[in-house]
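Take a look at the structure set out below.
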Amino acid sequence: MDGEGPLYRSWIRSHQRTPSGSRDFKEATKRDALARLAVDLERLIASVPENKRPHVEKEFKGFKNLFSRFLAEQGPSVTWEKIEKLPEGAVIDYSSLLTPTTDNVHHMLDKLVVVKLNGGLGTSMGCKGPKSVIQVRNDLTFLDLTVQQIEHLNKTYKCNVPLVLMNSFNTDEDTQKVIRKYQGLKLEIHTFNQSCHPRINRESLLPVPRHHDVQSDIDAWYPPGHGDFYESFYNSGLLQKFIKEGRTYCFISNIDNLGATVDLNILNLLLNPDPQKIISEFVMEVTDKTRADVKGGTLIQYEDKLRLLEIAQVPKEHVDDFKSVSQFKFFNTNNLWAKLDAIQRVVEQGSLNMEIIVNNKHLSDGLNVIQLETAVGAAMKCFEGGIGVNVPRSRFLPVKKTSDLLLVMSNLYSLCHGSLVMSPQRMFPSTPLVKLGDNHFAKVKEYLNRFATIPDLIELDHLTVSGDVTFGRGVSLKGTVIIIANHGDRIDIPSGAVLENKIVSGNLRILDH
């Protein structure tokens, strides 16, 4: 990531009083920015009620650390020429893993904690509140499915795997209301909040908020990406609680990845390792890149360690290399396994130096701001014995858009104890590529109104829909189907229609009479 990017350079330019080559000047300006930020943070802390101050001080300490690292970064965090080929054994093939015996599973699961990253809102899909409460199938939400999966594990193996939700200040209140309904289940649910950081004015590099009443000025604050997990988990006290209980690993994944279920073979690899090898404190599940995943983070060997490389860190002239499926054949699913005592160690040592992602935002009042974020997988290089496991594509089933929702609601999948299972009738394991037009399908409510029932997709390879299109009941789509209604036109696909390798365009109205 380019710490001295256009943002930093324009800031330096606007503050320059001496020739641009002056290193001393730059250093002085950075010190000035840090000093002014510290004063502003003190002022914000003064507006916090006494009982909440220690917590906010911890959060601001993390923020100050991020900010000073952002100021200190000199150019890209990766020197392209130093990227090495992945060494033998760095990525293990999932098919080579052993399946544990059933009598062993109970003891293994007692060592596990399941963590879901639940900080995101459903706004990009036109929904209010946490994304985890969007209904994805049979009126069940992401959260319902997760709870069903873990409750089933606990009942089947007579164990007690806890579910931990990392919320943000955007999702916490609504999530607390929802989880009350699970009280009667065999499942322990814990929540904690990731940090709440002030957005920074892009020109002055000073915090935007004037007081610490987050809800009254919500635009001035942001959750700093899921890389904040380690410190927030530690600060919540839950990490220490689970270590005391004798648990050793946590499995972390995004709540919207419906493929991220607890995998006993990976857990077995961690808990019963090869005695000849170093114990793995960190496992990243990767899967084969397809053309659809060219922007996903990838695994590289760098300075003798495995680490995550995100597109934001790639020098501009190498972006095409990064996207090449032949050069970088894996991408990160964000399903991660980390050793609990190792998390405690890296947090206490202060050795979590994850790459900073600078996210530029434009607020509704016209203000340009930056927010500094980190990614949870980027911590890989801070742990010992990190490895990748190349998992089947079925473990990566994220629902980011309504096109993903169409797949998971369709007959491609059936539901089994909260897990989605691909239909045996599907001849190949890959999912169809679906593109739905933004103007008519982007929001969940509009999308649902356009399908009388979800079409049969078992034999579909590719679907593109654009414009004002509706689908009747029992429609079947096969091969490559492209449906384009031009501006002002409307296409109604009639009930019972079978479209195989078809392009439909123009105007098609089925009128009742």
key: Long-range HN-HN contacts of ASN411 with modeled amide H, under 5 Å   = LEU457
The chain, relative contact order [Cα under 8 Å, separation at least 6], % = 15
note = Classified through the alpha carbon gyration tensor (a ≥ b ≥ c as square roots of its eigenvalues; rounded if a/c is under 1.5, else prolate when a/b is larger than b/c, else oblate), region 284-407 comes out rounded
note = By the mean-Cβ-within-10 Å protection proxy, highest first, 331-340, 52-61 rank as 331-340, 52-61
inquiry  = Only four residue types carry charge here, +1 at the Cβ of Lys and Arg and -1 at the Cβ of Asp and Glu. Report the dipole size of region 295-446 about the Cα centre in Debye, rounded to the nearest 20.
reply    = 600
inquiry  = For region 322-387, which GluC sites (Glu not before Pro) pass both filters: DSSP loop (anything but H, G, I, E, B) and at most 14 other C-beta atoms within 10 Å?
reply    = GLU384
Which of MET427, ILE503, LEU86, positive extreme of dipole for the chain (C-beta unit charges) = ILE503
message = Amide H of VAL504 versus every other amide H placed in the peptide plane: which residues, excluding those fewer than 5 positions away on the same chain, fall under 5 Å?
response = ILE482, ILE483, ILE484
inquiry  = Over region 150-190, what is the relative contact order in percent, taking alpha-carbon pairs closer than 8 angstrom and at least six residues apart?
reply    = 58
Inter-part distance where region 113-174 and region 490-504 are each reduced to a Cα centre, Å = 36
Cα gyration tensor shape for region 183-256, rounded if a/c is under 1.5, else prolate or oblate = prolate
query = Residue farthest toward the positive end of the dipole of the chain, with Cβ of Lys/Arg at +1 and Asp/Glu at -1: which of PRO130, GLN149, ILE493?
reply = PRO130
remark   = Rounded to one decimal in nm, the spacing of the 7 Å Cα→Cβ label points at THR102 and LYS155 is 1.7
query = Straight-line reach from LYS339: which lysines have a Cα under 18 Å away, not including same-chain ones fewer than 8 places off?
reply = LYS111, LYS116, LYS241, LYS244, LYS277, LYS305, LYS381
ask   = If you take the square roots of the eigenvalues of the alpha-carbon gyration tensor of region 432-503 and sort them as a ≥ b ≥ c, do you get rounded (a/c under 1.5), prolate (a/b over b/c) or oblate?
value = rounded
key: Dipole of region 177-216, positive direction: furthest Cα of ILE179, LEU206, THR191, with charges on the beta-carbon   = ILE179
request  = Find how much the distance from ASP341 to HIS487 grows on full extension, using 0.36 nm per residue of separation minus their present alpha carbon separation; answer in nm with one decimal.
outcome  = 46.7 nm
inquiry  = Only four residue types carry charge here, +1 at the Cβ of Lys and Arg and -1 at the Cβ of Asp and Glu. Report the dipole size of region 266-364 about the Cα centre in Debye, rounded to the nearest 20.
reply    = 240
request  = Could you give the size of the charge dipole of the chain about its Cα centre, using +1 on the Cβ of each K and R and -1 on the Cβ of each D and E, expressed in debye and rounded to the nearest 20?
outcome  = 460
Antiparallel bridge percentage (DSSP; both residues within the chain; nearest 5) = 45
request  = Excluding residues on the same chain fewer than 8 positions from LYS289, give the aspartates and glutamates whose Cα lies under 18 Å from its Cα.
outcome  = ASP93, GLU310, ASP320, ASP321, ASP404, ASP461
inquiry  = Using a 1.4 Å probe on the protein heavy atoms, what percent of the accessible area of the chain belongs to carbon and sulfur?
reply    = 51
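The values are calculated or read from the model by the stated rules, or taken from the named source; none is laboratory data. Quick caveat, the model's predicted, so the values are computed rather than measured. Neighbour counts run over all protein chains shown; Cβ positions are idealised from the backbone, glycine included. Note: areas computed on protein heavy atoms with side chains; ligands, DNA, RNA excluded. Shrake-Rupley method; radii C 1.70, N 1.55, O 1.52, S 1.80 Å.
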